[in-house]
Amino acid sequence: VMAASKPVEAPGGGGTAGLSRWQLALVLGAPILLGAGAIYVWGRRAARREKGASERKTPEGRASPGPGGNGGSGQPDGPGHEEMSPLGRAQAAKNKGNKYFKAGKYELAIQCYTEAISLCPPEKNLDLSTFYQNRAAAYEQLQKWTEVAQDCTKAVELNPKYVKALFRRAKAHEKLDNKKECLEDVTAVCILEAFQNQQSMLLADKVLKLLGKEKAKEKYKNREPLMPSPQFIKSYFSSFTDDIISQPLLKGEKSDEDKDKEGEASEVKENSGYLRAKQYMEEENYDKIISESTKEIEAKGKYIAEALLLRATFYLLIGNASAAKPDLDQVISMEDANVKLRANALIKRGSMYMQQQQPGLSTQDFNMAADIDPQNADVYHHRGQLKILLDQIEEAVEDFDECIRLRPNSALAQAQKCFALYRQAYTGSNALTVQAAMKGFEDVIKKFPKCAEGYALYAQALTDQQQFGKADEMYDKCIDLEPDNATTYVHKGLLQLQWKQDLDKGLELISKAIEIDNKCDFAYETMGTIEVQRGNLDKAIEMFNKAINLAKSEMEMAHLYSLCDAAYAQTEVAKKYGLKPPTL
């Protein structure tokens, strides 16, 4: 499917951005959506790529150096101890605890910290919170996670923005498998530390991914299959040229001009579920295709292989990969079926495997497709996209070259080859090859002025190069050529944010995308991301939930749940601690 109109798709797979979740950087010029921890969108701007502070294993406060020393309270242990103030005695007990802690005698350290807690005057909030936090650190060494969480809670009640206690409690919640509570604590820590500590960012990322996976697994299993918009379906089929099932009905398959033959042809259609399905496809009546294909399959009709492939394709499009797989398996194993059908089934199964994060199986299917149908340009086009996602750029370029050799007028393959070469030059930071790749784009749009994909991919490269004005012009050309392509409006909207920090214009363009295609999950996701940046967390959560209901793969849904959970955690933190992240 068009790689620029959406983040590069499962080549021939059924998900809009399923694959792109792995390497959104591949096609999204806007860093607003990238990177580990990118889920905290606003954190990306604040966080500098520096090494996080190393984890603190020691308790707080110095230990006095021992009898006769001048550390701690400035007074030696022993006689005179009773004359100290209650706080002084508590500090002395803590200092003793610290010595035991450093010596690895955690049980004894806990006894001392417990004594410090009981001696400390209740109004001394900060001291008391330190004693609880120190005891939590000792419990942590003994892996007593419930006690760690309880003591950290006491410390945070006494000192609500106590980062060390919040982070220690987050880690305890992780061990106790309290993901929601862990996320809330680590979110507060990230905001309090202004996203400077890699450790808290990594824990946030980890727990968000786990929560996302868990929720998506449950939701995806019970989701209602959803037919994508007609624009999406047409765009999907346009990425195949050697695909029998998406070609219009052949002369002999439909009513001929010749009146004598008309009756005979319509009778065939009457009896053939597959031919009726094809007719519905031309009429864009997509909801009837699976049931008509099933009739052909059950009747063991003449077009059984075609019907299996068509049914599998629509199962993929509605996001039902487990129903698609047996149909694809059957077509692939039909030795006597048209080789084009088998190769197309292999491309689709390979794309499905890639979406399920099984690149080994995916590569096997694409290689088998190339073996059985070496002249099929679709195989090389889609395998080239797969290779980009696997970061195997040289192999991707070879595949695009082969596709171009077989189909010299393939504007799509030429544009994607340019993009592959550009990514290679950009990641290698080679100014000369970047320049050459940019010139390649100019050549493609000159040679194929009607190919929207060429302009869209060029626009993404221009955005990377901070040439925002020219990128904007390229998106306008895309819109002129394909006014009903919703995702181009989303990309143009994102560009307004990067270029002019113009949130209103960005949102206006993304709203336009939704007006064109109200099933465009990419638009809802992007709108949610922008609302997070504006500090409208409730609105963001609403947008992410809309995207979740439209997600076409479990992997994509997991990513969206992560975004939604991050926004929800921020609302909770804002309520609890009065902390708000910086907004645009």
*asked:* Among the residues that make up segment 379-391, is at least one of them outside any helix (DSSP H, G or I) and surrounded by fewer than 24 Cβ atoms within 10 Å (Cβ to Cβ)?
replied: yes
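Tally the residues that are in contact (Cβ under 8 Å) with a residue 12 or more places away in the chain and surrounded by fewer than 24 Cβ atoms within 10 Å (Cβ to Cβ), restricting the search to segment 348-363. Can you show your working first?
Step one: list which residues in segment 348-363 are in contact (Cβ under 8 Å) with a residue 12 or more places away in the chain, which gives 348-357, 359, 362-363.
So of that shortlist, the ones also surrounded by fewer than 24 Cβ atoms within 10 Å (Cβ to Cβ) come out as 353, 356-357, 359, 363.
Within segment 348-363, residues that are in contact (Cβ under 8 Å) with a residue 12 or more places away in the chain and surrounded by fewer than 24 Cβ atoms within 10 Å (Cβ to Cβ) number 5.
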*asked:* Taking the condition of being closer than 20 Å to P483 by Cβ, in a helix (DSSP H, G or I) and at pLDDT 95 or above, how many residues in segment 434-453 meet it?
replied: 1
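Restricting segment 226-240 to residues that are surrounded by 21 or more Cβ atoms within 10 Å (Cβ to Cβ) and part of a loop (DSSP other than H, G, I, E, B), which is modelled with the lowest pLDDT?
Going residue by residue through segment 226-240, those that are surrounded by 21 or more Cβ atoms within 10 Å (Cβ to Cβ) are 228, 232, 235-236, 239-240.
Those still in the list that are part of a loop (DSSP other than H, G, I, E, B) too: 228, 239-240.
Values: P228: 92, S239: 88, F240: 91.
The selected residue is S239.
Out of curiosity, is A321 outside the structural domain of I347 (by the TED database), modelled with pLDDT under 95, among the aliphatic types (A, V, I, L, M) and surrounded by 15 or more Cβ atoms within 10 Å (Cβ to Cβ)?
Numbers: outside the structural domain of I347 (by the TED database): no; modelled with pLDDT under 95: yes; among the aliphatic types (A, V, I, L, M): yes; surrounded by 15 or more Cβ atoms within 10 Å (Cβ to Cβ): yes.
Spelling it out, it is not the case that A321 is outside the structural domain of I347 (by the TED database), modelled with pLDDT under 95, among the aliphatic types (A, V, I, L, M) and surrounded by 15 or more Cβ atoms within 10 Å (Cβ to Cβ).
Please find, among E508, E525, E556, the residue that is open to solvent by 20 Å² or more (accessible area, probe 1.4 Å), farther than 30 Å from K161 by Cα and part of a helix (DSSP H, G or I). Working first, answer last.
Working: E525 fails: open to solvent by 20 Å² or more (accessible area, probe 1.4 Å); E556 fails: open to solvent by 20 Å² or more (accessible area, probe 1.4 Å).
E508 is the lone residue from the list that is open to solvent by 20 Å² or more (accessible area, probe 1.4 Å), farther than 30 Å from K161 by Cα and part of a helix (DSSP H, G or I).
Just to check your reading of the model, which residue among C418, C478 is within 30 Å of M227 (Cα to Cα), open to solvent by less than 50 Å² (accessible area, probe 1.4 Å) and of a type outside the set (S, T, N, Q)? Write out each step before concluding.
On the way: C418 fails: within 30 Å of M227 (Cα to Cα).
It is C478.
Considering segment 123-174 alone, what residues qualify as being among the aliphatic types (A, V, I, L, M), open to solvent by less than 30 Å² (accessible area, probe 1.4 Å) and closer than 22 Å to K96 by Cα? Break it down stepwise before answering.
Within segment 123-174, the first condition is being among the aliphatic types (A, V, I, L, M), and the residues that meet it are 126, 128, 136-138, 142, 148-149, 155-156, 158, 163, 165-166, 170, 172.
With open to solvent by less than 30 Å² (accessible area, probe 1.4 Å) added as a condition, the list becomes 128, 136-138, 148-149, 155-156, 165-166, 170, 172.
Passing the criteria: L128, A136, A137, A138, V148, A155, A165.
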*Quick one: A471 ticks every box in (1) assigned to a helix (DSSP H, G or I); (2) open to solvent by 10 Å² or more (accessible area, probe 1.4 Å) except a single one, so which number is it?*
(2)
*asked:* For segment 122-163, give me each residue that is more than 24 Å from K575 (Cβ to Cβ), among the polar types (S, T, N, Q) and not in a helix (DSSP H, G or I).
replied: Q143
*Out of all the residues in segment 286-308, which are under 29 Å from the mean Cα position of the chain (by Cα) and open to solvent by less than 30 Å² (accessible area, probe 1.4 Å)?*
Y286
*Checking N545 against (1) open to solvent by less than 30 Å² (accessible area, probe 1.4 Å); (2) closer than 30 Å to L192 by Cβ; (3) in contact with a Cys (Cβ under 8 Å, 6 or more places away or on another chain); (4) not hydroxyl-bearing (S, T, Y), which test does it fail?*
(1)
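Which one of A345, A370 is buried (at least 24 other Cβ atoms within 10 Å of the Cβ), of a type in the set (G, A, S), in the same structural domain as A425 (by the TED database) and in a helix (DSSP H, G or I)? Before the answer, list the steps.
Details: A370 fails: buried (at least 24 other Cβ atoms within 10 Å of the Cβ).
That would be A345, the only listed residue that is buried (at least 24 other Cβ atoms within 10 Å of the Cβ), of a type in the set (G, A, S), in the same structural domain as A425 (by the TED database) and in a helix (DSSP H, G or I).
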*Breaking point among (1) touching a residue at least 24 places away in the same chain (Cβ under 8 Å); (2) surrounded by fewer than 24 Cβ atoms within 10 Å (Cβ to Cβ), for T427*: (1)
*When residues of segment 453-468 are limited to those that are open to solvent by 10 Å² or more (accessible area, probe 1.4 Å) and not hydroxyl-bearing (S, T, Y), the one farthest from Q424 (Cα to Cα)*: F468
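The values are calculated or read from the model by the stated rules, or taken from the named source; none is laboratory data. Note that the structure is predicted; figures quoted are calculated from it, not measured. Note that each Cβ is placed from the backbone with ideal geometry, even for glycine, and that neighbours are counted across all protein chains shown. The accessibility values were calculated without ligands, DNA or RNA, using every heavy atom of the protein model including side chains. Shrake-Rupley method; radii C 1.70, N 1.55, O 1.52, S 1.80 Å.
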